[in-house]
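**Q** The following block contains the structure, expressed as structure tokens.
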Amino acid sequence: MLNDFKCDCPVYIAFGYTDLRGGIDRLAAKVTSEFNLNPFQKALFMFCGRKRDRIKCLYWEGDGFVLLYKRLENGVFQWPRTSKEVHELTPQQYRWLMEGLKIEQPGAHRKTGDFIFC
């Protein structure tokens, strides 16, 4: 499902490690308190655990939250660990992440405005 996620909404990635033991309420609180974003907006918020083999995503559907959880059987996500901040991904960066690649590909062609950071 996450590999084929189609939405014309923003996709936000929480850099660094997130404790994934929490559920919807804890992740929504993190979106609000740490990133100053509204978890009730039409957006996908992505979080990754310490091992980088599992992610949780929070999505507001208009009448409730959807919590998506993905655990890789082999390999890890190339999740940025540089800081505790949030960045908006372009559709291409999202595809790279879901394909097991880093969100920054130095050799890739980029159009102007391809990277959108909050």
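Nothing in this text is a laboratory measurement; each read-out follows from the coordinates by a stated rule. What you see is a predicted model, and the numbers here were worked out from it, not measured in a lab. Heads up, the Cβs are rebuilt from the backbone with ideal geometry, glycines too, and the neighbour counts pull from every protein chain shown.
**Q** With θ taken as phi - 60° and the coefficients 6.51, -1.76 and 1.60, list the Karplus ³J(HN,Hα) couplings across the range 27-32 in order, rounded to whole Hz; mark glycine and proline as x.
**A** 5, 5, 5, 5, 4, 6
**Q** Need the list of aspartates and glutamates near Lys30 for cross-linking: C-alpha distance under 19 angstrom, and skip anything on the same chain fewer than eight residues off.
**A** Within the straight-line limit of under 19 Å, Lys30 reaches these aspartates and glutamates: Asp19, Glu61, Glu85, Glu88.
**Q** Non-local amide H neighbours of Gly16 (under 5 Å, H modeled in plane, Pro and chain starts lacking H): which ones?
**A** Excluding prolines and chain starts, which carry no amide H, the hits are Arg81, Thr82, Ser83.
**Q** Further question: How would you order 30-43, 59-72 from highest to lowest mean count of nearby Cβ atoms within 10 Å?
**A** For the peptides 30-43, 59-72, the packing ranking is 30-43, 59-72.
**Q** Same structure, new question: For the range 92-101, take each phi angle, set θ = phi - 60°, evaluate the Karplus expression 6.51 cos²θ - 1.76 cosθ + 1.60, and give the result in whole Hz per residue in order, putting x for glycine and proline.
**A** Along the range 92-101, the couplings run 5, 4, 4, 4, 4, 4, 6, 8, x, 9 Hz.
**Q** Next question, about the same structure. When the chain is fully extended, how far beyond the present Cα-Cα distance does Leu68 get from Thr32, taking 0.36 nm per residue of separation?
**A** Between Leu68 and Thr32, full extension yields an extra 11.1 nm.
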